[in-house]
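Student: Sharing a structure, written as structure tokens. Questions coming.
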Amino acid sequence: MSNEVEATNPQGEVEETTAPQGADDQQQQDEKPQGTDWQAEARKWESRAKKDAKALDELKQQVQTLVSPEQVASKEQQLAEANAAVEQARTEAMRLRIALDEGLPPALAARLHGDTEEAMRDDAAVLKQMVKAPAGQDAKKGQAAAPVAAKPTATELLRTIVKG
């Protein structure tokens, strides 16, 4: 846009004059509305919010169809049961290890009590004092040693051969 404006003087002649620079700016400002159109902005954001709320509802429904609360509760219960079984197995393994370390037969390992390893070791020491292994019993295996067969005499061998 040029800053030149044509004007006619009183004699009817056309004169070109230079308009002040602020004139074009004023004309452009007159064409634009003053300030922000808050109602249009509010409508725009309201429509976006409604669209997002609708998308959120659809996603919630999809999640509910994928995983129902009953399935989640069932899986949590299975997980709790599995964790309890693992803890029980760890405790049983610790009892057996302590029983073997203390020289108790494995059959007595189940009688060890305590929540910690130290408590179980103390209980194993008390149990060991109460139950002394008889001579000839293998404490680690919990069984009596196999009896040694007496050597047969010559007479007994001869009788077995004759009978047989």
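None of the figures in this text is laboratory data; all of them are computed from the coordinates on show. Everything numeric in this text was worked out from a predicted model, so none of it was measured. Reconstructed Cβ throughout: ideal geometry from the backbone, glycine too, with neighbour counts over all protein chains shown.
Student: Quick one: dipole size for the stretch 69-132, taken about the Cα centre, charges +1 on Lys/Arg Cβ and -1 on Asp/Glu Cβ, in debye to the nearest 20. The partial results should precede the final answer.
Tutor: Numbers: 8 positive and 12 negative charges, 76 e Å.
For this selection, approximately 360 debye.
Student: How many nm separate the modelled label positions at TRP45 and VAL72, each set 7 Å beyond the Cα in the direction of the Cβ?
Tutor: That separation, rounded to one decimal, is 3.2 nm.
Student: Taking R0 as 35 Å, what FRET efficiency do you get between THR153 and GLN129 from their Cβ-Cβ distance, rounded to the nearest 0.05? If you can, show how the numbers build up before the last one.
Tutor: Details: r = 44 Å, r/R0 = 1.26.
Plugging the Cβ-Cβ distance into 1/(1 + (r/R0)^6) gives 0.20.
Student: Once you keep just the Cα pairs under 8 angstrom separated by 6 or more residues, what percentage relative contact order results for the stretch 69-132?
Tutor: Averaging sequence separation for qualifying contacts and normalising by length gives 24 percent for the stretch 69-132.
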